[in-house]
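In what follows, a structure is listed as structure tokens, so that the remarks can point back to it.
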Amino acid sequence: MIAEDQLDREALEALQPIHHQPDTFFSKYIWSLDHKVIAKQYLWAGLIFFLVGGTLAMLIRWQWAYPGQPVPLLGKILFRDSGGVIGPAQYMQVFTMHGLIMIFFAVTPILIGAFGNFCIPLQIGARDMAFPWLNALSFWVFALALCLVIGSFFGDLGAAGAGWTTYPPLSTNVGTPGSGQTLMVAAIFVTGVSSIMGGINYVTTVIRLRAPGMTYLRMPLTVWGLFLTAVLNVLFVPVLGSAALLLFLDRVFGTQFYLAGAATQGGGDPILFQHLFWIFGHPEVYILILPAWGIVSDLVAWFSRKPANWYKGSVLSMVAVTALSAVVYGHHMFMTGVNPMLGQGFMILTLIISIPAELLFLNWLRTIWKGSIRLTTPMLFALGMVFVFGLGGLTGLYLGAVAPDFYLHDTMFVVGHFHFTMAAASVMASFAGIYFWFPKMFGRTTSELWGKTHFWFTLLGFLVVFGGQLLAGYSGQHRRLYDPFAYQYVQPLRALNRYTSWAAFALFFGQLAFVWNFFHSLIRGPKAEANPWHVGTLEWSIPSPPPVHNFDHLPIVRRGPHELSDPRVHARLGRDWIGQAEVLPDERDVPATAPARG
Amino acid sequence: MSSGVLHHRPLHARDEATARVGMLLFLGSWAMMFAGLFFALGVVRWRSPSWAPEDVGQLPTRWAALNTVLLIGSSLALQLALRAVRNARLARMLSSLRAAFLLGVAFLASQAFLFARMAALGVRWETGTFGGAVFGLCGFHALHAAVGLVGIGGVTRAAGRGTIQPARHLRLQLWTQYWHFVGVVWLILFAAVFAGASGA
Amino acid sequence: MRLTVLAVGPLGIGLPLDASKEGWRIDEMINVTSLFVGVIFAIMIVWMGWSILRHGPKHRADFDHGERRSSWIWTVATAGLIFVVVDGDLLVRTLVSVNRIYWNFDWAERQPDAVRLEINAHQWAWQVRYAGPDGAFNTPDDVVTLNEVVLPKDAPALFQIASTDVIHSFNVPNMRMKVDAVPGTINRMWFTPALLGDYEIGCAQHCGANHYKMQGVLHVVDPAQFRDWLAAASANSLQGYDAQDNSAHWGWSWAENTRMK
């Protein structure tokens, strides 16, 4: 330990000088270099497209509940030529755009764009990201991608329609001609560029800008999740870029990377795309879940008022999952005629990657055990995430093994599995984060009553809708079918599908509780204090909302992010929490472990 | 771990360390992108019964080899410029930069000529996967080379105005890293697309 | 066509009828795994419920980081136990069944009564080809049907599957088997029908607007009936053979594709 006066504060402050505040509308809200503003830009964009993606989901559920019947309200606007009825060609555009929008343009900007930008600098004790200009650019590149997505809806032959997985040859001009599909391929490439930029920024920021005393093992698990996600973004989104580039060349310039000649001649290979896509695609599901894992790991600790159980184990688990994420991708291709040795190898690795996820899960359970649980809205959503992820993760077992997959591949069981793990879990964590950081972001508090209402609609909605998918798939209903009941053996599932759809409509309308809460609190909510949740991470030691420069004085960190219910703290300060940079009355020294080596 | 005292290195040196981390990640991401493209190239070449379709004729492989020499030369020149500025030999730095730039321009011009020769032989975008590899992948690489050349041009101009110094030459260093990357990618492309390709 | 699938549970929930000889292993894997999953899930619910009810705001939180070895060793042990028991069971059953049966084409090829079929997938129909009495494919006595497969009970049915345009997937849920139809390759699958009846064939890979209508029917009949049908159909083919119709001669040599990839 060194004495605090030995620390060269001037040098420390000079590393992240306080710039003058932006004063024009343009520099404050449009081209802002402030990570907190960029975070909000991503949040708005993500929430708007979450609504679009959700509406598309409602169209799918309508078609399965009332096949061939005109869609109420929206039908007259969207499907004018067919009297409000969704046709087979439009149906495939609906499910394609639903998947692409939810993954790339809803969950990604909210969980990674918004929380990454907002939380990382604040939680590591920095004034901004390492590259603020690049940060602003990454949002506007993302916005360009959004324009391409909107453009796709107006494509000459409709929007993209080859499924979110975009497999060729269906996704080439042979299968899906028209500008709609091409624009989406371009949109994916462009949003990939944005993600890579963001990833470079997040990784560099965490490595270089941690406050003194903020060792890697004192970072909130939220930051760990976002950091590892950013690493995966940097490494694997480019592979998606290569897959998309070649598809773009095939569509626009007539190359034949993915088009096969006659069975025995050379030429391209459609399976090539699947390799490239899934080498990205499997890490992508971890990209979408790691921030959720991180956020929930922190929240369950804070609202159990005790330290996160075996923090090191959680970090190791997240790192292990990150490291293994790319070597399991083949489990998406078991039915493609893959070499059996390769297939079985992928199966073994897929089962192995479940171990770190189990460790993480057990840590959550052990964190809440013997805690002092406060069921605030963020905690409800965090516990809800634990629940849905547990369920979803367990269903992955069936699909990771080759033999059950002979039956379950392409059924609604797969759809149920990834909706529980990727949609429900990420969305629950997103809402948890929004409710938790809303006071800090916007300086106001949300209504607990509306929050809890929203929670129950969402949790029960997810359980029934995605549970319905699992049951339908188990019973043999396949995915991406305009009319599943064209198959006689699926006809007994009509009622199940209808009930599932009703639950989906309830889920959708239940989100109004969130919309109301969000806007009402934004405009009229009670002003928030600096630390309404009484937790110790650095963002809660500054005002709500923080000034542009975050910290008047860069903090010196002395302890981990979940030092709650420490008897020593209780004895000296009369409370169950202490800030990461707070000095206990008899502590004068600064920990020797400062991260910022000269 | 150090004592936490942070004043050993000057401010801009720490900024440079940050920029270097960023550059490393950036190059890492581009390396993964090209890794994906090379994987694709490997697969389609392995699946072709004849690489370069059989009726194409004599491929301008020697031109491609010349381009390789030009690009390697440009990288070398740029590295020499970097070495020169570190040894405070600013005049040599400037002349090396100019050489690197000119060689880079020559590379691009020669690439354009290569594409024209291919087209004259009847190779198009859609000429099997070979055409896609030539125009698509080599074209994509050429775009990267063009960006690099703009960067080098900017550094050369800055050098001419005296703003590249022994103590402050991060910009030169980063563009040099980028340019070497462009060169290595070309070497692999050359081997994967042109080496061993016959068309007769 | 007689409706063959009898979904057993309420709301139609339940595995479709298993009409194959080998599919029961898949059903068993699914059911055993469901048992384990059910137990784990129940424990999770009880644990979370107990924590929320008994370790609420009135309970004093335990200031334990869980970093001592005596603490985390239990976490590791639990994860290890689940892995060995649940994953291990699934893994062993799969490795055995996949290598001995589902991907063991060599064995199926050696069965004297094996029936061989070539499937050509299109947007949006299945063309099916039998070799006919001469035992060779792409000859005038081949029987070619559209969307219809006839198989004898208790004889292994071997399929080689190709596609002319986009990726499709030949799927027979009542036989618990499917494989993708990929342009540029020929994929294989096999099963042995065990119950007489009519079963649905479907496409299990999104292949365009009419993917949902790309259906076929599988008739499983007595071996004698099958022989009669094949003979009659083959005679018809011979009569109707048109040497000029190249698009009809889409068959390929079976032997070339029997080696594993």
>> All but one of (1) under 27 Å from residue A:414 (Cα atoms); (2) assigned to a helix (DSSP H, G or I); (3) within 9 Å of another protein chain (Cβ to nearest Cβ) hold for residue C:51; state the number of the condition that does not hold.
In response: (1)
> Is there a residue being more than 30 Å from residue C:13 (Cα to Cα) and surrounded by 21 or more Cβ atoms within 10 Å (Cβ to Cβ) anywhere in the range A:471-485?
Replying inline: no
>> Among the residues of the range B:51-61, are any assigned to a helix (DSSP H, G or I), hydrophobic (A, V, I, L, M, F, W, C) and in contact (Cβ under 8 Å) with a residue 24 or more places away in the chain?
In response: no
> From the list A:467, A:461, which one is in a helix (DSSP H, G or I), within 13 Å of chain C (Cβ to nearest Cβ) and more than 23 Å from residue C:177 (Cβ to Cβ)?
Replying inline: A:467
> Scanning the range B:28-46 for residues that are touching a residue at least 40 places away in the same chain (Cβ under 8 Å) and under 16 Å from residue A:272 (Cβ atoms), which turns out surrounded by the most Cβ atoms within 10 Å (Cβ to Cβ)?
Replying inline: B:37
> Could you say whether any residue in the range A:139-161 is over 20 Å from residue A:77 (Cα atoms), outside any helix (DSSP H, G or I), over 14 Å from the mean Cα position of the chain (by Cα) and not hydrophobic (A, V, I, L, M, F, W, C)?
Replying inline: no
> Before we move on, is residue C:36 of a type outside the set (Asp, Glu) and touching a Lys or Arg at 6+ places or on another chain (Cβ under 7 Å)?
Replying inline: no
> With respect to the numbered conditions (1) in contact with a Gly (Cβ under 6 Å, 6 or more places away or on another chain); (2) more than 14 Å from chain C (Cβ to nearest Cβ); (3) over 29 Å from residue A:118 (Cβ atoms); (4) part of a helix (DSSP H, G or I), which one is the sole condition not fulfilled by residue A:255?
Replying inline: (4)
> Is there a residue in the range A:172-189 that is without any contact (Cβ under 8 Å) to a residue 12 or more places away in the chain and within 14 Å of chain C (Cβ to nearest Cβ)?
Replying inline: no
>> It is to be established whether one or more residues within the range C:4-12 are facing another protein chain (nearest Cβ under 7 Å), in a loop (DSSP other than H, G, I, E, B) and more than 30 Å from residue A:312 (Cα to Cα).
In response: yes
> Of the residues that make up the range A:220-243, is at least one polar (S, T, N, Q), in contact with a Lys or Arg (Cβ under 7 Å, 6 or more places away or on another chain) and within 14 Å of chain B (Cβ to nearest Cβ)?
Replying inline: no
> Quick one: residue A:22 ticks every box in (1) more than 23 Å from residue A:496 (Cβ to Cβ); (2) part of a helix (DSSP H, G or I) bar one, so which box is it?
Replying inline: (2)
>> If residue C:137 meets every condition in (1) surrounded by 17 or more Cβ atoms within 10 Å (Cβ to Cβ); (2) under 21 Å from the mean Cα position of the chain (by Cα); (3) aromatic (Phe, Trp, Tyr) apart from one, which number is that one?
In response: (2)
> How many of the residues making up the range B:88-116 are surrounded by fewer than 15 Cβ atoms within 10 Å (Cβ to Cβ) and farther than 18 Å from residue B:163 by Cβ?
Replying inline: 4
>> I need a count of the residues in the range A:385-414 that are buried (at least 24 other Cβ atoms within 10 Å of the Cβ) and more than 10 Å from chain C (Cβ to nearest Cβ).
In response: 4
> Give me the pairs: first residue in the range A:374-398 and within 19 Å of residue C:89 (Cβ to Cβ) and in contact (Cβ under 8 Å) with a residue 12 or more places away in the chain, second residue of a type in the set (Val, Ile, Thr) and surrounded by fewer than 24 Cβ atoms within 10 Å (Cβ to Cβ), beta-carbon distance under 6 Å, and six or more apart or on different chains, which are they?
Replying inline: A:397/C:33; A:398/C:33
>> If I filter the range C:68-106 down to residues being among the acidic types (Asp, Glu) and within 17 Å of residue A:350 (Cα to Cα), which single residue comes out as surrounded by the fewest Cβ atoms within 10 Å (Cβ to Cβ)?
In response: C:89
> Do you know which residues across the range C:186-216 are touching a residue at least 40 places away in the same chain (Cβ under 8 Å), within 8 Å of chain A (Cβ to nearest Cβ) and either surrounded by fewer than 24 Cβ atoms within 10 Å (Cβ to Cβ) or assigned to a helix (DSSP H, G or I) (or both)?
Replying inline: C:186, C:188, C:200, C:208, C:210, C:211, C:213, C:215
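Every number here is computed from the coordinates shown, using simple stated rules; none is lab data. The structure displayed is predicted, hence computed values, not measured ones. Glycine gets a Cβ as well: all are built from the backbone with ideal geometry, and neighbour counts include every protein chain shown.
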